[in-house]
1. Tell me, what is the FRET efficiency for residue 52 and residue 102 to the nearest 0.05, using R0 = 45 angstrom and their Cβ-Cβ distance as r?
2. What distance in nm lies between label points placed 7 Å from Cα along the C-beta direction at residue 59 and residue 145?
3. Return the distance in nm (one decimal) between the two label points of a simple spin-label model at residue 8 and residue 71, each offset 7 Å from Cα along Cα→Cβ.
């Protein structure tokens, strides 16, 4: 479970934020990063096992047969085969999830810090209300307004960061789909690239990335500032 607002600052959260607490879960994002990393490692191990098996097989054959076997396997393994490319894509997706998790965590901690400072200021001003004949009340309103601006800037920066990751996700979606199609081609399961499918992957990746980033499981919900006090 990701970071939640501490109980101590909840009394002032609605006064200052003007936006909801980020619904993104950095813990889940890091689990996704681990899953993509595991997939990448598995593909690398598969390619390495294939390379080793090929070397063993080539020790028993020679000539045209050996050449044909080696050339065929290079489509899958080696440093430039389909398995290598898919492993690299999974590794990139893992890094992207980890980066987004860090952005979300930073935003949450920054919001908590801003609210804690506001709470301390309000407590101090409340204590000074009587000696200053209520003049400190104006300072309280200014502190609330300043904190609201600060938190909105934090949310804005998080939205920008997540949208940038959504753009990367769209490109990764196309690359991943292309890598899978390439693997199908070299195994004889597909005759050629489906450009329409690649285009659909781009559109779907961009849409899903932006939508889920902003409003879904990993996103933030932004509402109008509360007016009731």
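No value in this document is a laboratory result; all are computed from the given coordinates. What you are looking at is a predicted structure, and each value in this text was computed from that prediction instead of being measured. All Cβ positions, glycine included, derive from the backbone under ideal geometry; neighbour counts span all protein chains shown.
1. With a Förster radius of 45 Å, E is 0.75.
2. 8.0
3. 7.1
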